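Working notes for the structure below.
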Amino acid sequence: MTDPFPAVLQVVFVATIGLLVLLERVPRLQRDSVAISGRWTANIGLFVIASVLVAIALPSGIYGFAQAQGPGIFEKLDIPEYAQMLVTFLFLDCWRYCEPRAFHSPPLWRLHLVHHSDTHVDVTTTERHHPFESILSTAVMMALIFTCGLPPAGIGIYLVAATLVSLCAHANLRLPGEVDRWLRGTVVTPRVHAVHHSDLEAETNSNYGTVLTIWDRLFGTYVDPDKARIPHFGLEYFHNAPDTGLRGTLQQPFLYRVGMAYPARAAISSAPPALTAALSPEWRNALLAGLAGLALAIPALWPTMRELAALWTDEAYQYAWLVIPMMTYVLAWDRRESTAALNPRPDFTGALVAAGAAGLWCVAALVNIDLGKHIALVVALHGVAMAMLGWRGYWRLFPVLAMLFLLIPSGDVLQPFLRLVTLKSMEMFAALAGLPHSAEGFLVHIGSQRYIVADACSGLSYVTLAVFLCYSFGLLLYRSNLKVLGLTLFGAFLGMASNALRVNAIVTIDWLRGSQMDLSGHGALQWAALFIALGVLFLALTRLRADAPATAHAPSAPPSPAVRPYAPVVAGLLVLGIVGGFLALPIDQPRAPRSAQAAPAPDRIQGWQLTSSGAWMLSPDQQSESMTLAYRRQGKEMQAHIVETLTPTGKLPQLPPAPAETGWREGGILKRSACIDSRCLTLLHATWQRTRSREQRHVFYTYSIGDFATHSALMLRVAHGWHRLTGEGDSPRLTALTFGDGPVPPLEEVAAALLAVQSALPSGYEVRATARAAGG
């Protein structure tokens with residue numbers, strides 16, 4: 001049963017915000033008049049960005065992390081439960097007093113000043129924090145919970161109380177004087193916390209408390225709101241209009257300098273700066289045509305869009321939820337003047353691109369390559385945009401529109417390379433440190449320890465997050481495409497370097513201890529490496545200088561009569577027609593499973609005697625079926641494992657199944673070639689390594705469809721696509737032989753045994769055809 005507390009906390013958060021927003025609209029309850037336009041865009045934008053990035057960096061959350069910890073100090077001391085709750089509440093609230101005091105110190109003020117630069121204070125100010133501050137604050141809280149062993153129940157109670165009080169303390173509300181004075185003797189009220197947001201430094205550095213006021217009174221930082229001046233909310237700097245938008249608040253930590261000079265406070269308007277160039281009629285017509293083109297293309301591509309959204313739940317791709325909002329913000333707000341000055345000239349070049357993307361999608365669907373479909377989807381969107389803007393207009397906006405390519409989950413392409421980089425960094429580190437080492441595939445021996453460089457070790461999430469952050473900040477800081485590209489490449493390098501640091505820190509600690517740490521210990525080092533990477537990125541951004549905003553060009557001459565405003569509609573129709581036509585082809589013929597049927601397994605293979613013949617088993621997703629045969633020879637055992645797809649879109653596993661026992665990890669894959677008589681075969685040799693043991697399993701496998709056999713999953717999919725197109729209807733198959741620890745037979749013998757198993761077990765379509773011929 002799942003714990004309902006996280007959902008309860010979310011309900012409390014949303015309900016409290018909704019209630020306070022309504023109360024803030026009542027003039028009699030307001031503390032003062034508060035601007036909404038512009039401010040709310042920045043505050044809500046910061047909250048969304050910080051929430052997504054914290055979820056990527058620290059996916060468990062504070063309460064989930066607390067639940068995952070073992071018994072803490074309180075359980076060991078057998079303290080009564082009510083005392084545990086009280087001590088936890090006081091301890092965490094004391095920490096939440098100390099934390100803002102630490103953030104007001106020079107090293108961390110650069111991050112925290114974003115919270116104080118709000119020129120008005122209302123309920124949205126509560127969550128106005130720079131993403132880097134949110135990640136750091138959450139991680140430190142988790143480290144505190146881990147170190148002190150605080151009970152989850154007490155943490156949950158405090159999180160609810162802190163959420164309620166903090167939202168109310170920032171609200172633009174005026175409590176009756178007597179009520180406020182009575183409450184602030186214990187609890188932080190709106191008047192008490194308003195002093196903390198004063199632009200006077202002495203008042204800013206006061207009233208730090210989150211829930212209770214006793215800590216400020218105890219440590220001498222309490223300022224009575226009846227005696228406070230509060231000339232303005234905000235700071236002596238970053239208070240004018242250009243600094244108050246989302247872009248400005250994201251840049252503030254990097255633009256801040258100690259003792260910086262800043263223009264005098266201007267009159268703060270509740271309205272955002274006006275556009276210097278309104279959208280032209282050509283722009284409005286192009287937008288309508290572009291929306292119509294998208295409306296036609298999206299129904300055909302909707303299943304692929306849903307697949308993408310499902311993949312964005314993965315830790316390495318959660319940033320993708322921010323791509324379209326960030327791209328929209330840059331185009332429609334940050335660069336609004338240059339965007340509005342652009343004169344769209346729709347043409348059919350984009351329609352050709354959209355048609356090519358639709359063709360690519362059909363090919364990718366035919367050969368069952370999801371990455372190809374994802375790329376085709378993004379290219380189709382670019383084709384509609386190009387048809388809407390024309391080639392020249394599209395090229396001017398391409399650096400921003402290119403963010404759409406970050407929607408594509410790139411693990412299939414990047415992970416092999418990143419694993420290799422990780423492996424080479426371990427070998428280089430061991431050589432520099434003078435440690436004895438060797439590598440066999442992705443199995444690395446360093447001293448007496450063995451490490452398997454699996455996909456989880458590749459650091460994909462480091463690289464994807466760093467690339468997204470650097471590309472986004474590059475677009476906000478620079479107008480030069482080369483500078484944006486340079487910052488993005490720096491992010492990719494930083495992601496790989498931080499992962500190499502993490503992996504080699506594990507190696508160093510294991511070498512010093514003489515034993516390998518648990519996988520749970522890797523998580524702490526993952527956080528440490530992440531914060532080092534974010535710290536380096538933060539320092540790098542503080543040293544950069546933003547380009548001056550580009551001067552908007554005057555709109556070009558009105559489009560000539562040759563311009564075709566319906567080009568985006570044609571682009572959408574082409575996508576709909578080509579993809580829809582492909583989907584209408586009668587090429588998908590799923591077959592019925594053979595579950596519970598025994599296979600005609602050969603009794604002897606190369607001297608191996610059959611000892612157990614299994615039945616076909618349906619996979620949980622019902623996309624494939626498999627069976628396992630057991631053979632024995634001279635005390636040695638061999639297993640033959642066959643996996644076959646049931647549907648034309650079903651996929652074979654990239655690796656044979658791991659040994660049934662727990663504690664096994666894939667150690668590397670090598671290509672081996674062998675020739676039997678006149679036939680040569682390339683096999684894949686995978687090694688499974690048992691954790692904290694020298695025991696290994698060797699797996700030799702190959703793919704096949706009909707008479708075609710290959711070691712390449714890509715070539716198998718191409719062959720399968722051809723079979724689907726020509727109506728041959730063969731079913732793709734993976735055939736694997738597994739050998740236990742110890743020496744394995746010669747490669748030629750293994751290849752011969754693999755071919756014997758393949759030829760002895762007809763494919764599903766062959767079985768069905770035979771049954772029909774026999775009248776079955």
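The values are calculated or read from the model by the stated rules, or taken from the named source; none is laboratory data. Predicted, not measured: the structure shown is a model, and the values here were computed from it. All Cβ positions, glycine included, derive from the backbone under ideal geometry; neighbour counts span all protein chains shown.
Quick look at the numbers
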| quantity | calculated |
| --- | --- |
| Candidate set from segment 138-184 (those that are among the small types (Gly, Ala, Ser) and farther than 24 Å from Val14 by Cβ); member that is surrounded by the most Cβ atoms within 10 Å (Cβ to Cβ) | Ala139 |
| Among (1) of a type in the set (A, V, I, L, M, F, W, C); (2) surrounded by 16 or more Cβ atoms within 10 Å (Cβ to Cβ); (3) at pLDDT 70 or above, the one test that Val14 misses | (2) |
| Selected residue (only one of Pro325, Pro299, Pro303 is surrounded by fewer than 20 Cβ atoms within 10 Å (Cβ to Cβ), free of Cβ contacts under 8 Å to residues at least 40 places away in the same chain and either in a helix (DSSP H, G or I) or of a type outside the set (Ser, Thr, Tyr) (or both)) | Pro303 |
| Residue in segment 188-195 that is in a loop (DSSP other than H, G, I, E, B), touching a Cys at 6+ places or on another chain (Cβ under 9 Å), in the same structural domain as Thr213 (by TED's automatic domain parsing) and not small (Gly, Ala, Ser) present | yes |
| In segment 302-327, the residues that are polar (S, T, N, Q) and modelled with pLDDT of 90 or more | Thr304 |
| Test result for Leu173, in the same structural domain as Asp93 (by TED's automatic domain parsing), on the phi < 0 side of the Ramachandran plot and part of a helix (DSSP H, G or I) | no |
| Residue check, Tyr158 assigned to a loop (DSSP other than H, G, I, E, B) and in contact with a Ser or Thr (Cβ under 7 Å, 6 or more places away or on another chain) | no |
| Residue ID - farthest from Ser33 (Cα to Cα), chosen from residues in segment 105-145 that are in a helix (DSSP H, G or I) and over 27 Å from the mean Cα position of the chain (by Cα) | Pro107 |
| Filter result for Leu397 (closer than 25 Å to Asp370 by Cα, in contact (Cβ under 8 Å) with a residue 12 or more places away in the chain and among the aliphatic types (A, V, I, L, M)) | no |
| Within segment 212-267, considering residues that are among the polar types (S, T, N, Q) and closer than 16 Å to His112 by Cβ, the one surrounded by the most Cβ atoms within 10 Å (Cβ to Cβ) | Thr249 |
| Strands (runs of 3 or more DSSP E) (entirely within segment 409-508) containing at least 2 residues that are in contact with a Ser or Thr (Cβ under 9 Å, 6 or more places away or on another chain) and either under 27 Å from Leu655 (Cα atoms) or of a type in the set (Gly, Ala, Ser) (or both) | 443-446, 449-452 |
| Matching residues, segment 344-399, being of a type in the set (Val, Ile, Thr) and in a helix (DSSP H, G or I) | Thr349, Val353, Val363, Ile375, Val378, Val379, Val384 |
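Residue-wise test of (1) surrounded by fewer than 22 Cβ atoms within 10 Å (Cβ to Cβ); (2) touching a helix residue (DSSP H, G or I) at 6+ places or on another chain (Cβ under 8 Å); (3) without any contact (Cβ under 8 Å) to a residue 60 or more places away in the chain.
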residue: His374; (1), (2), (3): no, yes, no
residue: Leu404; (1), (2), (3): yes, yes, no
residue: Leu414; (1), (2), (3): yes, yes, yes
residue: Glu440; (1), (2), (3): yes, no, no
residue: Ala456; (1), (2), (3): yes, no, yes
residue: Leu460; (1), (2), (3): no, yes, no
residue: Thr464; (1), (2), (3): no, yes, no
residue: Leu469; (1), (2), (3): no, yes, no
